[in-house]
1. Residue under question is D48, and the condition is that it be open to solvent by 40 Å² or more (accessible area, probe 1.4 Å) and in contact with a Lys or Arg (Cβ under 9 Å, 6 or more places away or on another chain); does it hold?
2. I'd like to verify a number: residues in segment 172-204 that are touching a helix residue (DSSP H, G or I) at 6+ places or on another chain (Cβ under 7 Å), of a type outside the set (G, A, S) and under 15 Å from A22 (Cβ atoms), how many?
3. Spot the failing condition for G80; the list is (1) within 16 Å of the ligand (Cβ to nearest atom); (2) crowded, with 21+ Cβ neighbours inside 10 Å, and only one is missed.
4. Determine if segment 136-152 includes at least one residue that is under 26 Å from E26 (Cβ atoms) and open to solvent by 50 Å² or more (accessible area, probe 1.4 Å).
5. Report, ordered by the first and then the second residue, all pairs with beta carbons closer than 7 Å, sequence separation of six or more or different chains, a first member in segment 48-62 that is more than 12 Å from the ligand (Cβ to nearest atom), and a second member that is of a type outside the set (D, E) and assigned to a loop (DSSP other than H, G, I, E, B).
6. When residues of segment 178-230 are filtered for being within 15 Å of the ligand (Cβ to nearest atom) and farther than 29 Å from Q44 by Cα, how many remain?
7. Tell me the residue from A18, A22, A5 that is out of contact with any strand residue (DSSP E or B) (no Cβ under 8 Å at 6 or more places or on another chain) and open to solvent by 20 Å² or more (accessible area, probe 1.4 Å), please.
8. Could you please find all residues in segment 83-133 being surrounded by fewer than 17 Cβ atoms within 10 Å (Cβ to Cβ), farther than 16 Å from I162 by Cα and within 16 Å of the ligand (Cβ to nearest atom)?
Amino acid sequence: MTEVAENLAEVQGRVKAAAERAGRDEGAVTLVAVSKTWPVAHVQLAVDAGQRVLGENKLQEGQEKIPAMDPGIEWHYIGGLQRNKVRKVFGLFSWVHSIDSVKLARYADGVAADMGVKPKVLLQVNIGAELSKGGFELDEIREHFAEVLELEHLEVRGLMCIPPAVSEPDQARPFFQAMVSLRDELVAKHGVGLPELSMGMSGDFEVAIEAGATMVRVGSSIFGARTYGV
Ligand SMILES: *Cc1c(COP(=O)(O)O)cnc(C)c1O
């Protein structure tokens with residue numbers, strides 16, 4: 001067994017245990033293996049071990065890896081999204097976790113219409129109200145959610161967050177719980193389904209699952225510590 005395969009099995013075990021602790025079904029949580037900065041040969045080790053859902057945060061890396069790998073892989077774009085990259089991102093990735101403003105949502109809807117695609121998207125929320133982070137502010141998503149829902153060429157599947165950096169994983173719990181509350185509030189007010197909550201990374205995915213995450217984005221715990229980039 002390769003080290004990546006061992007890491008993957010360990011992370012899968014931790015996902016399952018966290019789901020069980022929360023009384024949730026293990027199938028309720030999708031593990032998105034974040035392959036950023038790693039070359040195809042290294043990422044392939046996880047695919048060989050059965051991983052079929054991968055995440056990247058840069059278009060350029062997707063352009064290198066996606067065409068070179070198994071077409072059955074489901075690719076998730078999880079990085080900041082600039083307008084001039086939307087078209088290419090929609091061409092390569094079936095999920096985008098990082099729609100972070102009404103303006104971007106409108107623009108992306110137009111691109112999707114033009115391309116004849118309907119990508120699955122998540123709305124990124126700046127749940128810690130950090131000046132340095134992108135994402136919808138709480139009041140902004142409350143005010144504009146209906147407008148985003150009306151965009152016919154985006155399939156809005158849920159919410160995503162990157163909580164503030166903390167020293168202990170448990171300190172992220174209130175932010176994850178705030179995401180669940182926000183989701184419940186939007187679902188109740190607008191009568192829509194928002195099944196997905198993308199939250200939790202290597203340092204805190206178990207806490208995120210206990211709180212209600214349906215997608216966890218795990219990179220370094222599977223592929224190893226990154227030596228360059230973010
Ligand atoms: C890099 C990255 C991750 C994974 O981070 P790890 O700490 O390596 O698990 C998750 N989400 C986003 C948005 C990222 O950029």
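The values are calculated or read from the model by the stated rules, or taken from the named source; none is laboratory data. Everything numeric in this text was worked out from a predicted model, so none of it was measured. Ideal geometry is used to build each Cβ from the backbone, glycine not excepted, and the neighbour counts take in all protein chains shown. Quick note on the areas: whole protein, heavy atoms, side chains included, nothing else; ligands and nucleic acids left out. Shrake-Rupley method; radii C 1.70, N 1.55, O 1.52, S 1.80 Å.
1. Values: open to solvent by 40 Å² or more (accessible area, probe 1.4 Å): yes; in contact with a Lys or Arg (Cβ under 9 Å, 6 or more places away or on another chain): no.
Judged against the criteria, D48 is not a match.
2. Summing the residues that are touching a helix residue (DSSP H, G or I) at 6+ places or on another chain (Cβ under 7 Å), of a type outside the set (G, A, S) and under 15 Å from A22 (Cβ atoms) in segment 172-204 gives 7.
3. With (1) within 16 Å of the ligand (Cβ to nearest atom); (2) crowded, with 21+ Cβ neighbours inside 10 Å applied to G80, the lone miss is (2).
4. Initial filter on segment 136-152 (under 26 Å from E26 (Cβ atoms)): none.
No, segment 136-152 contains no residue that is under 26 Å from E26 (Cβ atoms) and open to solvent by 50 Å² or more (accessible area, probe 1.4 Å).
5. The qualifying pairs are R52/G72; R52/I73; G62/F93.
6. Initial filter on segment 178-230 (within 15 Å of the ligand (Cβ to nearest atom)): 179, 196-209, 213-230.
Filter once more, keeping what is farther than 29 Å from Q44 by Cα: 179.
Looking only at that region, the number is 1.
7. Values: A18 fails: open to solvent by 20 Å² or more (accessible area, probe 1.4 Å); A5 fails: open to solvent by 20 Å² or more (accessible area, probe 1.4 Å).
Exactly one of A18, A22, A5 is out of contact with any strand residue (DSSP E or B) (no Cβ under 8 Å at 6 or more places or on another chain) and open to solvent by 20 Å² or more (accessible area, probe 1.4 Å), namely A22.
8. Correct list: K85 only.
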